[in-house]
Amino acid sequence: MYQIFRDGIYMHIINIGYNHSHDADFNISRPNGSGNYLLLLLKTPAIFTLNGSEIITRPDSFILYREDTPQFYRSFGSQFQNDWFHFKIDPEEKDLFNNLGIPQDEVVHIGNLNELSIIINNLCYETYASNRYKYDTIELYLKLFFLKLSNKIHNSNNEIINTHYNKLAIY
């Protein structure tokens, strides 16, 4: 057991979406990136252009884009469905993802997304709420999200069939 997060780490949500569904003509083209980190949970296949090559992704995948990485992705088929959030992190904390073993700028299949999607649903609610501990709650959910994502990446059995999170899935 060891501590990944130092006291005072700062992560901030810029924009967030839960369970978004887009038509077949959905297309993102950001040649210079978005200027902030972007995490996508991919619920349907999509076409991504990474390092000049097009790939068709599998559902139940994710990608974590760095701030200045070009972002080119679009629907594959009749719809594109995802959860997503843009966020900022303290510059001195950018090694966090390496410490957690979370790849950046590549699509990674991780199996069932229900647990992570539920956290994004909660993050979305907190982001648009106005409560006393909003920013503390968001930071805790972000920390939880990245710890759980790291666990899924490094779990040899990504496809856990009968978890409580599957039973709680919100569609």
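For region 1-105, what is the Kirkwood hydrodynamic radius in Å, using each pair of distinct C-alpha atoms?
Values: mean 1/r = 0.0681 Å⁻¹.
Computed over Cα pairs of region 1-105, the Kirkwood hydrodynamic radius comes out at 14.7 Å.
Exposed loop positions in the chain were taken to be GluC sites (Glu not before Pro) whose DSSP state is not H, G, I, E or B and which have at most 16 other beta-carbon atoms within 10 angstrom. Between these positions, the longest stretch is 1-66. Round to a whole angstrom and tell me the spacing of the C-alpha centers of region 42-66 and region 104-118. So the separation of the two Cα centres works out to 11 Å.
For region 51-130, trypsin sites (Lys or Arg not before Pro) meeting the loop criterion (DSSP other than H, G, I, E, B) and having at most 10 other Cβ atoms within 10 Å: none.
Laboratory data are not the source of any read-out in this text; all were calculated from the coordinates shown. Since the structure is predicted, the reported quantities are computational estimates derived from the model, not experimental observations. As a convention, Cβ positions derive from the backbone with ideal geometry for all residues, glycine included, and neighbour counts pool all protein chains shown.
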